[in-house]
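As structure tokens, the structure follows; a few thoughts come after it.
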Number of protein chains: 4
Amino acid sequence: MTVSDSNPKKIRAAILGASGYTGAELIRLLLRHPYVEIVLITADRKAGQSIETVFPHLSGENLPDLMAIADVEWAGLELDVVFCALPHATSQRIIKGILHETGHDFIDEMVIEQSEDYANAIKGSVKVIDLSADFRLRDAAIYAEWYGGEHDALSLQKEAVYGLSEYYREDIKKARLVACPGCYPTAALLALIPLLKEKVISKDGIIIDAKSGASGAGRSLKEANLFTEVSEAMHPYGIAAHRHAPEIEQELSVAFGDELLITFTPHLIPMNRGELETIYVNLSAGKTADDLRDVLATRYKDEQFVLVLKKDNVPTTRQVRGSNNAVIGVFEDRVPGRAIIIAAIDNLVKGSSGQAIQNMNLMFGYDEATSLEQMALFP
Amino acid sequence: MTVSDSNPKKIRAAILGASGYTGAELIRLLLRHPYVEIVLITADRKAGQSIETVFPHLSGENLPDLMAIADVEWAGLELDVVFCALPHATSQRIIKGILHETGHDFIDEMVIEQSEDYANAIKGSVKVIDLSADFRLRDAAIYAEWYGGEHDALSLQKEAVYGLSEYYREDIKKARLVACPGCYPTAALLALIPLLKEKVISKDGIIIDAKSGASGAGRSLKEANLFTEVSEAMHPYGIAAHRHAPEIEQELSVAFGDELLITFTPHLIPMNRGELETIYVNLSAGKTADDLRDVLATRYKDEQFVLVLKKDNVPTTRQVRGSNNAVIGVFEDRVPGRAIIIAAIDNLVKGSSGQAIQNMNLMFGYDEATSLEQMALFP
Amino acid sequence: MTVSDSNPKKIRAAILGASGYTGAELIRLLLRHPYVEIVLITADRKAGQSIETVFPHLSGENLPDLMAIADVEWAGLELDVVFCALPHATSQRIIKGILHETGHDFIDEMVIEQSEDYANAIKGSVKVIDLSADFRLRDAAIYAEWYGGEHDALSLQKEAVYGLSEYYREDIKKARLVACPGCYPTAALLALIPLLKEKVISKDGIIIDAKSGASGAGRSLKEANLFTEVSEAMHPYGIAAHRHAPEIEQELSVAFGDELLITFTPHLIPMNRGELETIYVNLSAGKTADDLRDVLATRYKDEQFVLVLKKDNVPTTRQVRGSNNAVIGVFEDRVPGRAIIIAAIDNLVKGSSGQAIQNMNLMFGYDEATSLEQMALFP
Amino acid sequence: MTVSDSNPKKIRAAILGASGYTGAELIRLLLRHPYVEIVLITADRKAGQSIETVFPHLSGENLPDLMAIADVEWAGLELDVVFCALPHATSQRIIKGILHETGHDFIDEMVIEQSEDYANAIKGSVKVIDLSADFRLRDAAIYAEWYGGEHDALSLQKEAVYGLSEYYREDIKKARLVACPGCYPTAALLALIPLLKEKVISKDGIIIDAKSGASGAGRSLKEANLFTEVSEAMHPYGIAAHRHAPEIEQELSVAFGDELLITFTPHLIPMNRGELETIYVNLSAGKTADDLRDVLATRYKDEQFVLVLKKDNVPTTRQVRGSNNAVIGVFEDRVPGRAIIIAAIDNLVKGSSGQAIQNMNLMFGYDEATSLEQMALFP
């Protein structure tokens, strides 16, 4: 069922943490990527299982069974790229090992017996694309405050490139370690960075009311994620205390050239995929909603994954289900001096695994859209 | 299956527009009301059908068939109360007739042949509870602006009491015509009126990000309301242009004692029932989120249908599904000087038919909670 | 918010296993029961928590906090009725203790230190309504085969009355221990018992294709119950191997007067509540679908919770959401000699907690419908 | 965003009835087909609108606006293939015109003024793939009985090839007119044809209990299709009277070599996509469920779109959401002599537009899987 006709040389990819939804989405998209071969998938708790068992929708493909990370025989894998879809904190420890930052202490801990093989296997050339939060924040103090402890790989934290493809493209191309943005930051930053850069909105009073489908909560077993708890209901959560807030602020502050604070409230919505942010902003003096739309349209006119809608057209999540697109609309508020911006993405694609592959394409010199062309699925 | 043991004298009720969801909800609740008998239900497009056909969940009860309004023989009905769940504009015309405002022109139009019977039947003593938007706005110019035309019953518009039970209780008790609030206004006003009255928040910068289940859109046949369009999706709509905005502003301005404008964005959520509003406010100097919570808790401590949650407890729609309760929580924002208020109701109960019955209970001297005691249904 | 006006004497009820959905539903319904006071609710894993924390929709009521069973001080509780919503196997052990079957070994295990108090507390008069599967099967060998081990309270297994209210009414009135039917058996038995009793259908070839909402799977943390796994999907499960099959067969065999086997396939449907069974039967010689409908209509004409629909009317789950009703329809098949019967219930009400309360009403001499009158909630 | 690298010559495609869900799905899949160019899309009621308006998820592509069929200027279109996603009855009239069956009467009616252009445009070489029911039934009397009237293009009805790709592959390659199977028949036939051909099951007593997501009902405005009616509910419909029954029987009779009747009950499930059939069969003497599985596995081992699961693996709709795959599992029943077969497809892909494109690939000599390779989308 593969697309390859001309049989190109393929890079060898590993997916660490492949039994979660971002892992499954990486597999789904990479299986149809003409230049990638998946040679390793890991999942500690489901080690030994086939992907058919863990994700029946990926049945019928030629994939290795899931392994525990500690059991991987790195030698011979000759990995070119590692996607790391592990929980934060774990992520930094594993990546530190993979990228040789600490000599052998990762190997000591994780892969004791195969340490030599491992050192050979990854010999400095492997590239890492991290989907966790571990390398997104540049300020070690802010990381420690929000993630409950010191960072364990500070030099890598500095080296990591923030993987918002449309803004760090050139750095991503040269990066060894890319930290993919959170799903909420992806939508918020695509909507707000150009406006703050062009100073058509104020840095004060930005309010992001965010709504996400349940896949954003991952596949972990929490009562709050049961069908019966989520369905026919709506839950705000992490009110004024969500870890994506400092991440958004970091990048918006860079864009504006000054520190800023945002108000951020996420809500859990009874649907699987999709994320929509309703953003309230104060206009700079003399500016209108139309000006904002123009700024965005100009900025994104050559970006194939960002669509700025014409006046009065309203973004919805159904436009992007399963696709790597972001859709943005701008609306005049009734209250003078204000505007409302709405941005929608699929949290598992542009908000996560799709953007990770977009970054991989950049890092390896492929067309940025390779394997990301598929249209949204509706209904 | 009825509750009546002591066989009290019952008031005679009509429900006009009984084939919509608010109509069904009125029937559901009134069927278990010990002091009410439903003697007339109308639905022009489904005239002649039994309620079992139109609403199978109401099967097995002793109810008249649906009639067209024009076919009603008013004489002999001896109505005590009319619930009007008709579209706006239609509502005002019918109610004008019922309440004799215009002598016989309603009768001319609507019930030509039975005009005398009709005049006898309703002989001035009938009370009307309107669930449409027709009598909510006191300012005729604002009505005309937002509802696309002059009001046809201006004197009634002045007479009508705004049916937010917790605030107009004494007026409602004496009213002949009560205009039940819209669903969005109900939640917003319960959350904000005390705060503006006590001046613990600013009148400027109030932002209401509202989310509603699909029953808020009614049972009318629009492509946007199909399962396939709503499910697995999220739609903002009526951005900065929803008719509930001026209604909210009217009542908040009364509370604060000065004109104010709000920002209001509703969203359609893939669930049947429930409405949640995330409200962003600016604190008055020196005030905190805790102060706001205290003001609300004090105001509502004796109100049985309004529950102010303790610190850190988060309102969700599942708490109120099928019940007449409103739940409110207050949260400190990360941005100094701001707070976030969250309010949840069931749009079809407290946001519509439940509140209508609460008002009926007030108007007829019953315990305010009669037939509204049932707990929320979860899951 | 309580309904009591005349302040009747109330029986004292305990709910063991109150943090699951059947427990919540018992609380919801009993809180509005005029003759019941809930004096004990237990949940081992959530011991010490308030019901507001565990079930926010039950907030604002006067309920004790959850306890671990082992911490209950039985003395002074003076329980009249115990609802047991515990997992099977646990259930039999606890009930054995409560009902003194084994002298003091339950007390030894569970409530060591308060054994004397406990013995006093329950002094033989307490009645137990079990919602688990432990006492449904009369044949000890079949129990052992399907539930993976010997039954631990065989004499109680014999004593227990099968709590299908419409069929064991007189026995239930006198029972000390009632075993409430499973949700699937409830719908199947109501549909099939009269037909087998009257021999209008064959005992061979009965096929029950059952569909249930996710609340049937309870509140336990399984990956298969996550929103993201259930939503937008449909899962058959327990194919030809579900424990409700022998339960259905037991009661159908009694009705027919001979052993029989059924085909039974349950499916998980993406909705919270509701259960619908599509049942395929072979007609007895000369019988028609109309005959079947007549038999059912005659049997249930005086049953207030069983509604047999007229020809061509189709049962749906929305007719019974939140109500204690069962709805049954009969249809002619295109294949000669066959008919299709469709039955719908709310699995958490008639299929579980509602029927349990119906049985309690019988056991204590109340009107059978007390606290069960509420209409279905739609939409 | 197109896939084309080597710029192959593309065939020119029209989609008639492009504003429904099957139309949208055809567009979604054809937009990524390397050898197809969409040159005409029609929708009478939405004529003049852009595809962005009608289907926002298809925004950003280079597509013509929707036209009314009567306004099409056929000359110059040089169509190679026409997908007809129109209502039945309409379909036959249009296709008759396109395929010259009636000389000019189609043109007279539909495209009066451009008749000459039209005749030139379609000059006999165009191929038609019909997604309606109009050409599926070979027996004119059965068509008339189930579709309420005489067929209007009897000779075409005879010529049409039934487009079940896996069974009529060679005929489809040579066909001018392909009648794509209904969604329910597709799943049923893939599961049952090999078993009847090999006579491992009886032709008597086949029961198909079918469940479908709401997209199967199309995008038409019916109250029964509203979100609020479908969500949190389950509806059997068309009981023993669904038009797909005779279609299934036609093909199964061919497979078995003798007439047969089936029992068929469809159910509407609250999800967008997906169809699952639970099929009950009687085994031939001496045969087991394992034999059935072997027959299916052997038949489909070289079919890339049909996956027969290993013992104990259960098909679910989530395995096929958005993909062209069918998944089949076989299970032993508890009742001796019986087995249960479960088949799942995406009703809009393998059950409709995907199979239509599979047929187009066959008709034009492309690899059968072209543009159909994408994996299922989960969650």
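Where a number appears in this text, it was derived from the coordinates with a stated rule and is not lab data. Predicted, not measured: the structure shown is a model, and the values here were computed from it. Reconstructed Cβ throughout: ideal geometry from the backbone, glycine too, with neighbour counts over all protein chains shown.
Before moving on, here are some points about what is shown:
- Beta bridges from DSSP with both residues in chain B: antiparallel share about 45 percent, rounded to the nearest 5.
- Restricting region A:132-181 to GluC sites (Glu not before Pro) in coil, as DSSP defines it, with at most 10 other Cβ within 10 Å: A:Glu150
- Cα-based shape type of region C:263-328, given that a ≥ b ≥ c are square roots of the gyration tensor eigenvalues and the cut on a/c is 1.5: oblate
- Centre separation in Å (Cα based) which lies between region C:9-87 and region D:205-250: 42 Å
- Placing +1 on each Lys and Arg Cβ and -1 on each Asp and Glu Cβ, with no other charges, gives region A:235-379 a dipole about its Cα centre of roughly 480 debye.
- Residues whose placed amide H lies under 5 Å from that of C:Gly274, excluding near-sequence neighbours: C:Gly213, C:Asn347, C:Leu348
- Measuring how big region B:261-379 is from its alpha-carbon positions, Rg and Dmax come out at 15.5, 48 Å.
- Note: relative contact order over chain C, using C-alpha pairs below 8 Å and six or more positions apart, is 15 percent.
- Placing a label point 7 Å from Cα along the Cα-to-Cβ axis, C:Lys311 is separated from the same position in the other copies by 4.9, 6.2, 6.9 nm, shortest listed first.
- Considering only alpha-carbon pairs that sit under 8 angstrom and 6 or more positions apart, the relative contact order computed for region C:286-379 is 27 percent.
- Counting only residues at least eight positions apart within a chain, or on another chain, the aspartates and glutamates with an alpha carbon under 18 Å from that of C:Lys211 are C:Glu229, C:Glu232, C:Glu247, C:Glu275, C:Glu277, C:Asp346, D:Asp209, D:Glu229, D:Glu232, D:Glu275, D:Glu277, D:Asp333.
- For the set A:Lys96/A:Lys173; D:Lys127/D:Lys158; D:Lys9/D:Lys174; A:Lys127/A:Lys197, the pairs lying more than 24 angstrom apart at their alpha carbons are A:Lys127/A:Lys197.
- Farthest positive-ward along chain B dipole, Cα basis, beta-carbon charges - from B:Thr263, B:Tyr366, B:Val308: B:Val308
- When +1 charges are put on Lys and Arg Cβ atoms and -1 charges on Asp and Glu Cβ atoms, the dipole computed for the protein assembly as shown relative to its Cα centre reaches about 0 debye.
- Counting only the Cα atoms, region A:210-304 fills a convex hull of 147 Å³ per residue.
- 5 angstrom amide H check on A:Val128, placed H, neighbours 5+ away: A:Val82, A:Leu177, A:Val178
- The local environment of C:Phe378, defined by Cβ-Cβ distances under 10 Å, has a net charge of +1 under the rule Lys, Arg +1 and Asp, Glu -1.
- Taking label points 7 Å from Cα along the Cα-to-Cβ direction, A:Gln49 and C:Glu150 give a separation of 3.6 nm.
- Furthest towards positive pole of dipole, B:Gly163, B:Tyr147, B:Tyr184, structure part region B:138-185, Cβ charges: B:Gly163
- Each Lys or Arg adds one and each Asp or Glu takes one away; over the other residues whose Cβ falls under 11 Å from the Cβ of B:Gly322, this sums to +4.
- Cα gyration tensor, chain A - rounded (a/c under 1.5), prolate or oblate: prolate
- Within chain D, the longest segment free of exposed loop sites, counting trypsin sites (Lys or Arg not before Pro) that fall outside DSSP classes H, G, I, E and B and have at most 14 other Cβ atoms within 10 Å, spans D:10-122.
- Interchain or long-range residues, amide H under 5 Å from A:Ala68's placed H: A:Ala43, A:Gly48
- Couplings for region B:341-354, taken from phi via the Karplus curve 6.51 cos²θ - 1.76 cosθ + 1.60 with θ = phi - 60°, read 10, 10, 10, 10, 9, 8, 4, 8, 9, 4, x, 6, 6, x Hz in order; Gly and Pro are left as x.
- A label point on C:Pro87, set 7 Å along the Cα-to-Cβ line, lies at 2.2, 5.5, 5.6 nm from each of its counterparts in the other copies, closest listed first.
- The relative contact order of region D:184-348 comes to 30 percent, based on Cα pairs under 8 Å that sit 6 or more residues apart.
- Extension gain, B:Glu37 to B:Glu159, is 41.2 nm, computed as 0.36 nm per intervening residue step minus the present C-alpha separation.
- Cα gyration tensor, the protein assembly as shown - rounded (a/c under 1.5), prolate or oblate: rounded
- Counted charge near A:Ser202, where neighbours are those whose Cβ lies closer than 12 Å (Asp, Glu -1; Lys, Arg +1): +2
- Assuming charge only on the beta carbon of Lys and Arg (+1) and of Asp and Glu (-1), the dipole of chain B about its Cα centre is about 1000 debye to the nearest 20.
- In the elastic network of chain A, a GNM with C-alpha springs shorter than 10 Å, the most mobile of A:Pro56, A:Pro181, A:Pro194 is A:Pro56.
- Each copy carries a label point for C:Asp152 at 7 Å from Cα toward Cβ; from one copy, the others' points are 4.2, 7.2, 7.3 nm away, ordered from shortest.
- The Cα center of region C:263-331 and the Cα center of region B:312-379 differ in position by 36 Å.
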